[in-house]
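As structure tokens, the structure follows; a few thoughts come after it.
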Amino acid sequence: MSVVTYATKTGGYWVLDRIEPSETTREALDALPGGIVVAFLAVRLLRGGPPEWVAGAAVVAVAHRTDSILLAMVAGVGVLLAVRHVLA
């Protein structure tokens with residue numbers, strides 16, 4: 001699976017090196033990683049309970065203040081683990 005993922009990503013770079021995407025296409029590609037993360041996590045958040053909701057709020061707050069998706073995800077995981085530990 002990792003070989004296919006790598007080949008897909010490398011193929012995408014190869015194609016984009018040979019064509020000039022429109023501004024709309026470029027904006028869509030820039031927004032794609034965040035959209036994928038939201039799509040995967042939204043279901044988990046909706047089905048979750050208070051620990052997931054608190055972690056989701058932490059993610060939104062950190063992302064808003066820092067503009068860093070990575071830092072927001074790390075904060076969310078940390079808050080989720082901390083809340084679950086406190087409630088356990």
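See the values below:
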{"quantity": "Nearest 10 degrees, 0 to 90: helix 23-47 Cα axis against the chain principal axis", "calculated": "30 degrees"}
{"quantity": "R0 of 22 Å, Cβ-Cβ distance V77-T5: FRET efficiency to nearest 0.05", "calculated": "0.50"}
{"quantity": "Helix-only CD estimate at 222 nm, as mean residue ellipticity for the chain, using -39500 (n - 2.57) per DSSP H run (n ≥ 4)", "calculated": "-30500 deg cm²/dmol"}
{"quantity": "Derived scalar couplings ³J(HN,Hα) [the stretch 4-13; Karplus, 6.51 cos²θ - 1.76 cosθ + 1.60; whole Hz; x for Gly, Pro]", "calculated": "5, 4, 4, 5, 5, 5, 4, x, x, 5"}
{"quantity": "Global form of the chain, assessed from the alpha-carbon gyration tensor, a/c cut-off 1.5", "calculated": "prolate"}
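Values in this text are rule-based calculations from the coordinates and carry no lab data. These numbers were taken from a predicted model, which means no experiment stands behind them. Neighbour counts run over all protein chains shown; Cβ positions are idealised from the backbone, glycine included.
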